[in-house]
Each structure stands twice: as structure tokens, then as C-alpha cells.
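Chemist: One structure is given below, represented as C-alpha cells, and several questions about it will come after.
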Amino acid sequence: MKPLVYKMILFTISILLLTGEPAFAQVRPLTMENAVKLALEKNRDLQVATLETAKSTQKVREARSYALPTVAASAQYLYFPQKQVSFLPGSFVGLGENQLATFRVGGSNAFVGGVAVSQPLFQAGIRSGIRAAQIYENASAEGLNEVRAGVVTEVKKAYLDVLITQEQLRLQEQSLLRNEQALRDSRSLLAQGRASRVDTLRAFVSTENLRPEISRLNNRVEITKTILKRTMGLDEQEAIALQDSLRYDKTGFVTPGTDAFFEAVQARPEVHRLELTEKLNREQIALQTAERAPKLSAIGLLQSQAQANHLKLADYSWPLSSYVGLQVNVPIFSGFRTVSRIQQAVITRQQSETQLVNLKEMVRAEVKIGLSNVEEARLRIETQRQTVTVAELGYRITRDRWKQGIASRLELSDAELSLTQAKSNHLQAVYDFLTASVELDKVMGRIR
């Protein structure tokens, strides 16, 4: 029986190994630089913008095709249950002059086939259409740059959100360790008769009050990671581990020049896109105005037709006919449609001009706000760095005094809270500086 039992156990283990999920999911290490690269490859908004640029390239090709000849082949088969009728003067068959004679002509089966060619010689709107398509292609490229800058900014900010949440969690865990140590010390002093029961209860309450915040921050870490993965275009089930840290490095910040507004206007893809849109609207006016001009084309046709009362195609006669010529189309009256379209194009151009002026004013304000936010966060970092040092020293002194019975438990709690708050404020200042720097890079048009 034992060999059979062993075989059953081995069989069960094999099935579990083959069908079960791995005990440890593979974790992807992720730096901010790698996160940006992944987003540029996988972000769906960026993929849509890339497809839009490809579509604009095809629009240029379409616009150029209007200057090329058009060749069309056609074929037709007709069956006449009653043959076609022709009319001749009645005098041909002995009828009166005011009478017409009718004759059935042709066969019951008719085949017609041919090739028609048309080549535009003069159409005022073709060149405007090509220029408009090329401008639209360039505007789509700037739109792609705009989306790329937005994606890079959002990924970096989402990455920083994860980092600060992890650091906040670490601070709370450190605070919990300090409070747990204080609780152990309080119980020890209580056993020695050197501390009151109230102090021990306060230490216990302070310790337990930290646990819900730690639980909330653990959940917040997972939420921010999910947002980061969605922004990058990764599967939400994939595990990631951030490799960078939340640290202040003022050497990595590039200070804008004296004329930051001019620099931003020259670099921002949104400004370039609106400038191209304004040019596009001017071409649209020219394109609609060209509808008033005559159009000249060269045309030609090669045709063959045959008729018979049977379907033996080998016995058919296929005579050819052809012509070449010129065709002129002169617009005379279109129910005011052309005038209305021209006015619409003019209004659209005026709208784009107003939008461009408004955008430049927004850029001016964004540059000013961005520089102010970076400088304010930098000053807070310098201030909070000193505050953290003082708070750490104050906590150590208060803890030693409390162990000696000189300081109260309330003083120790205040010192610990001040230390945690000082570290949290410094952490928030570093986060604000890095976030403001990322936002300023976007405002200045540095992200490409």
C-alpha cells in the first residue's frame, strides 16, 4: 500500500506544479527614466497621436493626387426584351411630311466598354489643397510632440506620487517604532515605580493611533502604483518596484534664461501647432475662394460596343470609337454656398488668431507661476532641512530626560510628533520641488 500512497502523493504534487500559479510573481525594477521609455512605447494616447500623424501623411498624398490624371474603365451589358426604337421622317417610307416612321434597331443583347481619361490642366484649388495638407501634416507632428510632453510629464508626476507615498509610509513606520520603544520603556519604568499608569496608557494610545494611518498609506501605495502603470500602458497585474529615491538635487535643475517667456514660446509645441493652424486656415480661405475660378481639363475616351440577338461573343463585331478634347467648367451660381464657405473659413482664421494670442498669455502666466513654485519649494527645503536637524536633537534630549524622570510623557509625545512633522514637511518640500521642476520643464517646452 505504501508505494501506491507515495505514487499518489507524487502525482498530486506534479499536478499542482504544472497547473498552480507561481509562488512569487516576477517584479519589474523601474527607474523614472525606464518608466518614461515604457510610456513612450506603450501609452495609448501617444499611439493614437502617432496614428494621427500617419493619417496626415496620407492626406498630403491625397491632395497631390488631384493634380494627377484620372483613368477609369467601364463595362456594361444590356438586354432589350423590346429592341430600341429610332425615328425617321415619314417621307422616307411614303408617309406625310408631318409624320414620323419608327424602326426597331440593334440587337437584343448589347455590350459597351471603354476607358476614360481626365487630366486637370488648370484648377486653382489644387496647389492650395497641397499646401493645406502639408501644413496639417506639420501641425499633426506638433500635436504628437504635445501629447508626448504631456505623457512624459504625467508619468514623472505619477512616479513621484508613488515615491512620496512610500516615504510617508516609511516615516510613519519609523514613528511607530519610536512609539513602540517608548511604550516598552514606559512599561519598564512603571514596573520600577518610576512612571505612572497614565503615562503608559498614553504611550499605548499613541502607538495604536499610528496603525490606521499606516494601513491607509499601504493602500495608497498600491493605488499610486496602479495609476503609474495605467499611465505607462502596463498591465495592472504586473508588479513593479521603484528604484529611484525622493531626493533634492539642485544641480540637476536648469534655470531658465533672462527671457524665459520668449524661450517657452519658441519651444512649446502647442504654440507651434496653433501657428500652423492659423496658416492652415488661411489656405482654407484660398481653397474656398478657388471654387469661384473656372476649371480646365483634358479629356479622352476609347470605347467599343457590340450588339447581336445571340450571346456567341466570338461572332460579335467590336468596332472602336475614341475622342480627345478639352473641358471647361465655369461656376455661375451655387446658391451662395461658396460665399458662405469663404466666410466660415475667415471666421475660423479669426478664431485661431484669438486662440494663439490667448495661448501666449497663458504661457506667460504658466512660466511665472512655474518659476515661483520651484523657488518657493527650494526655500522650504533649505528651511525644513535645518528644522529636521533641530527636531532630531530635541527628540533625543527629551527622550533621555524622560528616561531620567525629568521630562513628562506629554513632552516626549510632543517631541516625537514634532520630529515626524518636520520630516514630513521636508519630504513634502522635496516632492513639491521635483513636481514643480517637471511641470516647469513642460511649460518651457523642454520635453520632446
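Just so you know, all these numbers are worked out from the coordinates, no wet-lab data involved. A quick note: this is a predicted structure, and the numbers were derived from the prediction, not measured. In this analysis, Cβ positions are derived from the backbone assuming ideal geometry, glycine residues included, and neighbour counts consider all displayed protein chains.
Chemist: About the Cα centre of the chain, how large is the charge dipole given +1 on each Lys and Arg Cβ and -1 on each Asp and Glu Cβ? Please answer in debye to the nearest 20.
Modeler: 560
Chemist: Using alpha carbon centroids, what distance separates the range 220-236 and the range 388-439, in Å?
Modeler: 31
Chemist: Continuing with this model, one more query. For P(r) over Cα pairs in 20 Å bins from 0, in percent, several values are listed as (1) 15, 27, 24, 17, 11, 5, 1, 0; (2) 25, 50, 24, 2; (3) 16, 40, 28, 13, 3; flag the one computed from this structure.
Modeler: Given (1) 15, 27, 24, 17, 11, 5, 1, 0; (2) 25, 50, 24, 2; (3) 16, 40, 28, 13, 3, the structure-derived one carries the label (1).
Chemist: While we're here: Among the trypsin sites (Lys or Arg not before Pro) in the range 244-353, which ones are in a DSSP loop with at most 12 other Cβ atoms within 10 Å of the Cβ? Mind listing them?
Modeler: Arg247, Lys312
Chemist: Could you tell me whether the range 93-221 comes out rounded, prolate or oblate from its Cα gyration tensor? Rule is a ≥ b ≥ c as square roots of the eigenvalues, rounded for a/c under 1.5, then prolate if a/b exceeds b/c, otherwise oblate.
Modeler: Cα axes put the range 93-221 in the prolate bin.
Chemist: Now a separate question. Between Ser245 and Thr354, how high is the FRET efficiency from 1/(1 + (r/R0)^6) when r is the Cβ-Cβ distance and R₀ = 41 Å? Nearest 0.05. Walk me through the numbers before you get to the answer.
Modeler: Values: r = 46 Å, r/R0 = 1.12.
The value I calculate is 0.35.
Chemist: In the chain, if the dipole is taken from +1 on Lys/Arg beta carbons and -1 on Asp/Glu beta carbons about the Cα centre, which of Leu88, Tyr248, Thr53 is farthest to the positive end?
Modeler: Result: Leu88, furthest along the dipole toward the positive end.
Chemist: Here is a further query. Using only Cα atoms, tell me the angle between helix 337-403 and the longest principal axis of the chain; keep it within 0 to 90° and round to the nearest 10.
Modeler: The angle comes out near 10 degrees.
Chemist: Rounded, prolate or oblate: which one fits the range 230-357, using the alpha carbon gyration tensor with axes a ≥ b ≥ c (rounded when a/c is under 1.5, else prolate when a/b beats b/c, else oblate)?
Modeler: Judged from the Cα gyration tensor, the range 230-357 comes out oblate (a/c at least 1.5, b/c at or above a/b).
Chemist: Taking the Cα atoms only, what angle lies between the long axis of helix 124-191 and the longest principal axis of the chain, rounded to 10 degrees?
Modeler: Roughly 20 degrees between the two axes.
Chemist: Compute the distance from the alpha-carbon center of the range 159-210 to that of the range 286-349, in whole Å.
Modeler: 88
Chemist: If the label point is 7 Å along Cα→Cβ of Thr338, which residues in the range 283-321 have backbone nitrogen under 18 Å from it?
Modeler: Inside the label zone: 283-297.
Chemist: What distance in nm separates the simple spin-label points at Gln421 and Ala75, each placed 7 Å from Cα in the Cβ direction?
Modeler: With each label placed 7 Å out from Cα toward Cβ, I get 9.0 nm.
Chemist: Can you tell me which of Lys83, Lys157, Lys423 moves the most in a GNM of the chain? Springs connect C-alpha atoms under 10 Å apart.
Modeler: Largest GNM mean-square fluctuation: Lys83.
Chemist: Rounding to the nearest 20 debye, state how big the charge dipole of the range 267-307 is about its Cα centre with +1 on each Lys and Arg Cβ and -1 on each Asp and Glu Cβ.
Modeler: About 60 debye.
Chemist: Sequence neighbours fewer than 8 away in the same chain don't count; with that in mind, list the lysines whose C-alpha is under 29 Å from Lys312.
Modeler: In chain and number order, the partners are Lys83.
Chemist: With the cut-off at 19 Å, tell me which of the pairs Lys225/Lys442; Lys42/Lys225; Lys37/Lys225 have Cα atoms farther apart than that.
Modeler: Numbers: Lys225/Lys442 23 Å; Lys42/Lys225 16 Å; Lys37/Lys225 17 Å.
Long pairs (Cα-Cα over 19 Å): Lys225/Lys442.
Chemist: Defining a contact as two alpha carbons under 8 Å apart and six or more residues distant in sequence, what relative contact order in percent does the chain show?
Modeler: Relative contact order, the chain: 22 percent.
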